[in-house]
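Novice: Structure provided below as C-alpha cells; questions to follow.
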Amino acid sequence: MTSDEQRMAQLLHAARDTLKPGDPVVPPIVPAAAFHLPGDPSAAPFVYGRYANPTWEALEHALGILEDAPVVTFPSGMAAIAAVLFSNAQKGRKVLVPADGYHATRALARQYLAPMGIAVVERPVARFGDGGFEGFGLVLMETPSNPGLDLCDIAAIARDAKAKGAVVVADNTTMTALAQRPLDLGCDLVLSAATKAVNGHSDVLLGYVASRDAARINVLKDWRRLSGAIPSPFDAFLVHRGLETLELRLARATSNAAALAKRFAGHPKLLGLRYPGLPPDPAHALAQRQMQSYGFMLTMTFADGNAAERFISACRLVQASTSFGGVRTSAERRSRWKDAVPDGFVRVSAGIEPEAPLLDAFAEALEQV
Ligand SMILES: *Cc1c(COP(=O)(O)O)cnc(C)c1O
C-alpha cells in the first residue's frame, strides 16, 4: 500500500469521527456572513464570514490530509499566489519566478511587486538553479512548467535557496499532491490552483496554500482575513466533491497521457512530443526521481499554427479550451496567448475518457492534419 492510497482512503472518511447521529455525511454549505455571537466573541468558532467558514474548513481539513499539512484556501489559484507573494516578499530582497511558468504569476510580480522596490528575477524552469540564490527572499518554482513541461530539481533548489535564507514555494498545480510532493522535498510552502485537477470538473475556481510551518499558515490566514480574498462556501463545497474522486480521475488521466505519448511520439505529422514519462524526454531522469507519476499533460508540436488548429478542430475527443485538469481531454495552441513557444505548439491535458476511443480519435485527427 502506498502512502497516497492511505491518504485518499483517510480523506474519504475524514468526517467520520466528528459526525453525530443525523448529521449529513457531506459538508453542509454554510453561506452565512454573520454567526450568532452573544457576549465574548472568543467563545465562538465562527464569528464573521470573512474570518472563517465551516464549509471552507471542511475542505481545508480534507486537503490537509492530501498534503499532509495545514491548508489555507483562496478564491482562485492566483489569489493563492498573490497571498504568497504579498505576504512573503521582503523589502531589499529579490523574488525569483519562472520565466516560462504560468504567465499571470510573473505578470503579478512584475506589475505590483517591482514598483514597490522588490526586484523580480525570472529564470527558465530548466535552468532555475543557475546563478544561485544569494539575495533572494522568495523563490517560487513551478515544475513541470506550464506549458513547456520542463522540470527543475525541487529538493536541490529548496536546499540551496533555504541556505541563503529564502522562503521556498512550489506551484504544484500541474501535478497535485498525489503525483509530486514538494513539502516532502523541502519546500516551505506548496500552492495549487484547485481550479484544475483537484476540482477536476472545469466548473469552479479555487486555490490553496499548504505549509507545515504554523507561523506561515497564520500569516496566510491573516492575509486572507485582511485582504478579503476568501473562497465562496459554494465553491468550497464543489471542490470538496471533486477532491473525493481525485485519485480515480488522476489515475485514468495519467494513464491516458502516457498512452497518447507512447503511441504518437515520433508521428510523422509532429515535429515533437513531450511527456516527462517518456524515457527519451530531456526531463525524464529528474521526473523519475521527484515525481510519483508523470502527470496528465503532454505537448505536441505541429509544423505550424494552422496544422495545430486543424488537429484541435478535427479531433472528436478534444475540447478546445484553455485550462486543464478536467474530465474531458482538452488542447490549445499556446502561442495564441503569446507564450514563448512555436506557433504549432499544443498543450494537451488528458481527460478520463476510456483509452481506446481516445487513441483512435487522436490517430484519425492526425491523419486529417
Ligand atoms: C491555472 C493556474 C494558476 C492560476 O489558477 P486560477 O485558479 O486560474 O487563478 C496558477 N498556476 C498554474 C500553474 C496554473 O496552471
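Novice: Which length gain, in nm to one decimal place, applies between ALA32 and HIS103 when the Cα-Cα distance is subtracted from 0.36 nm times their residue separation? Kindly include the intermediate steps, with their values, before the conclusion.
Specialist: Numbers: separation 71, 0.36 × 71 = 25.56 nm, distance 3.48 nm.
Gain in length upon complete extension: 22.1 nm.
Novice: Then there's this: Can you figure out the FRET efficiency of ARG263 with ALA314, using R₀ = 25 Å and their beta-carbon distance, to the nearest 0.05? Spell out each step's value before the answer.
Specialist: Values: r = 17 Å, r/R0 = 0.68.
The computed FRET efficiency comes out at 0.90.
Novice: Which of the pairs LYS221/LYS338; LYS164/LYS338; LYS221/LYS262; LYS94/LYS221; LYS94/LYS196 have their Cα atoms more than 32 Å apart in this structure? Walk me through the intermediate numbers first.
Specialist: Numbers: LYS221/LYS338 35 Å; LYS164/LYS338 34 Å; LYS221/LYS262 44 Å; LYS94/LYS221 24 Å; LYS94/LYS196 29 Å.
Over 32 Å apart, Cα to Cα: LYS221/LYS338; LYS164/LYS338; LYS221/LYS262.
Novice: Using 0.36 nm per residue, how much length does the chain from PHE234 to VAL25 gain when fully extended, once their Cα-Cα distance is taken away?
Specialist: Working: separation 209, 0.36 × 209 = 75.24 nm, distance 1.66 nm.
The span from PHE234 to VAL25 would gain 73.6 nm if fully extended.
Novice: I'd like the distance separating the alpha-carbon centroids of segment 337-369 and segment 127-162, in whole Å.
Specialist: Value for the Cα centre distance between the two parts: 29 Å.
Novice: Kirkwood hydrodynamic radius for the chain: how many Å is it when counted over pairs of different Cα atoms? Can you show the working numbers first?
Specialist: Numbers: mean 1/r = 0.0469 Å⁻¹.
It works out to 21.3 Å.
Novice: I'd like the distance between the alpha-carbon centres of segment 33-81 and segment 171-197, rounded to an integer number of Å.
Specialist: 20
Novice: Something else about it: Mind giving me the FRET efficiency for GLU367 and ALA285? R0 is 25 Å, r the Cβ-Cβ distance, nearest 0.05 is fine. Please report the intermediate quantities before stating the final value.
Specialist: Details: r = 34 Å, r/R0 = 1.35.
E(calc), rounded to 0.05, equals 0.15.
Novice: Choose one answer from PRO38, PRO115, PRO75: the residue with the largest mean-square fluctuation in a GNM of the chain with alpha-carbon springs under 10 Å.
Specialist: Result for the chain, Cα springs under 10 Å: PRO38 fluctuates most.
Novice: State the antiparallel share, in %, of DSSP beta bridges confined to segment 135-264, rounding to the nearest 5. Before the final figure, lay out the partial values.
Specialist: Numbers: 4 of 12 bridges.
Restricted to segment 135-264, the bridges split so that about 35 percent are antiparallel.
Novice: Extension gain SER255-ARG93, at 0.36 nm per residue separation less the Cα-Cα distance, in nm?
Specialist: Numbers: separation 162, 0.36 × 162 = 58.32 nm, distance 4.24 nm.
This chain segment gains 54.1 nm when fully extended.
Novice: Also, I was wondering about something else. Counting only helical runs of four or more DSSP H residues, what would the 222 nm mean residue ellipticity of the chain come to if each run contributes -39,500 (n - 2.57) and the total is spread over all its residues?
Specialist: Working: 11 runs with 126 residues, N = 369.
Calculated at 222 nm, the ellipticity per residue is -10500 deg cm²/dmol.
Novice: Rounded, prolate or oblate: pick one for segment 256-327, where a ≥ b ≥ c are the square roots of the eigenvalues of its C-alpha gyration tensor, a/c under 1.5 means rounded, and failing that, prolate if a/b is larger than b/c, else oblate.
Specialist: On the way: a/c = 2.34, a/b = 1.48, b/c = 1.58.
Oblate, because a/c is 1.5 or more while a/b does not exceed b/c.
Novice: May I ask for the angle, rounded to the nearest 10°, between helix 214-227 and the longest principal axis of the chain, with both axes built from Cα atoms and the value confined to 0 to 90°?
Specialist: Helix 214-227 and the main axis of the chain meet at about 90 degrees.
Novice: Cα axis of helix 3-12 to longest principal axis of the chain: angle in degrees, 0 to 90, nearest 10?
Specialist: For helix 3-12, the angle is close to 60 degrees.
Novice: Further question: Determine, from the Cβ-Cβ distance of ALA163 and ASP68 and an R0 of 22 Å, the FRET efficiency 1/(1 + (r/R0)^6), rounded to the nearest 0.05. Mind showing how you got there, number by number?
Specialist: On the way: r = 24 Å, r/R0 = 1.09.
Once the sixth-power term is evaluated, E becomes 0.40.
Novice: Calculate the dipole size of the chain relative to its Cα centre from +1 charges on Lys and Arg beta carbons and -1 charges on Asp and Glu beta carbons; express the result in debye to the nearest 20. Don't skip to the end; give the middle numbers.
Specialist: Numbers: 37 positive and 37 negative charges, 133 e Å.
Dipole size: approximately 640 debye.
Novice: Run the reach check for LYS20 against aspartates and glutamates, Cα to Cα strictly under 18 Å, same-chain hits fewer than 8 apart removed. What comes back?
Specialist: GLU57
Novice: Here is a further query. What spacing in nm lies between the two simple spin-label points modelled at ASP213 and HIS13, each 7 Å away from Cα in the Cβ direction?
Specialist: In this crude spin-label approximation the distance works out to 3.5 nm.
Novice: I've got another one for you. Does segment 284-369 classify as rounded, prolate or oblate by the C-alpha gyration tensor (a ≥ b ≥ c root eigenvalues; a/c under 1.5 gives rounded; else a/b over b/c gives prolate, otherwise oblate)? Before the final figure, lay out each step's value.
Specialist: On the way: a/c = 1.76, a/b = 1.18, b/c = 1.48.
Verdict is oblate for segment 284-369.
Novice: Where Lys and Arg each count +1 and Asp and Glu each count -1, what net charge lies around ARG106 among other residues with Cβ under 11 Å from its Cβ? Don't skip to the answer; put the middle values down first.
Specialist: Details: positive: ARG110, ARG123; negative: ASP100, GLU122, GLU142.
Cβ neighbours under 11 Å give a net charge of -1.
Novice: Can I ask one more? Classify segment 208-250 from the C-alpha gyration tensor, please: rounded if a/c falls under 1.5, else prolate or oblate depending on whether a/b exceeds b/c. Walk me through the intermediate numbers first.
Specialist: Numbers: a/c = 4.36, a/b = 1.59, b/c = 2.74.
Since a/c reaches 1.5 but b/c is at least a/b, the shape of segment 208-250 is classed as oblate.
Novice: Grab the eigenvalues of the alpha-carbon gyration tensor for segment 130-253, scale each by 5, take roots, and send me the semi-axes largest first in whole angstrom. Spell out each step's value before the answer.
Specialist: On the way: eigenvalues 137, 76, 26 Å².
Output for segment 130-253: semi-axes of 26, 20, 11 Å.
Novice: Let me ask something else. Nearest 5 is fine: what % of DSSP beta bridges in the chain come out antiparallel, could you say?
Specialist: On the way: 22 of 39 bridges.
Around 55 percent antiparallel, to the nearest 5.
Novice: Counting other C-beta atoms within 10 Å, which of LEU273, LEU96, LEU37 has the fewest, and how do the rest follow?
Specialist: On the way: LEU273 21, LEU96 27, LEU37 12.
Neighbour counts put them in this order, fewest first: LEU37, LEU273, LEU96.
Novice: Something else about it: Quick one: among ASP213, ASP100, ASP339, which has the greatest mean-square fluctuation in a GNM of the chain with alpha-carbon springs under 10 angstrom?
Specialist: ASP213
Novice: Another question about this same structure. Determine the relative contact order of the chain: mean sequence separation of Cα pairs under 8 Å and six or more apart, normalised by residue count, in whole percent. Mind showing how you got there, number by number?
Specialist: Values: 748 pairs, mean separation 56.0, N = 369.
About 15 percent, as a whole number.
Novice: Continuing with the same structure: Taking springs between alpha-carbon atoms closer than 10 angstrom, which of LEU298, LEU113, LEU250 fluctuates most in the Gaussian network model of the chain?
Specialist: Among LEU298, LEU113, LEU250, the largest GNM mean-square fluctuation belongs to LEU113.
Novice: Sort TRP223, TRP56, TRP337 so the one with the fewest other Cβ atoms within 10 Å of its own Cβ comes first. Write down the numbers at each step before the final one.
Specialist: On the way: TRP223 21, TRP56 28, TRP337 11.
Exposure proxy ranking, most exposed first: TRP337, TRP223, TRP56.
Novice: In segment 247-280, whose amide N lies under 19 Å from the spot 7 Å out along Cα-to-Cβ of GLU5? List them in ranges.
Specialist: Inside the label zone: 247-255.
Novice: Once you have all Cα-Cα distances for segment 36-147, histogram them in 5 Å bins from zero and send the whole-percent values.
Specialist: 2, 10, 17, 17, 15, 13, 11, 7, 5, 3, 1, 0
Here, each number is a calculation from the coordinates, and none is a lab measurement. The shown structure was predicted, so the numbers you read here are calculated from the model rather than taken from an experiment. With ideal geometry, Cβ positions are generated from the backbone for all residues, glycine too; neighbour counts draw on all protein chains shown.
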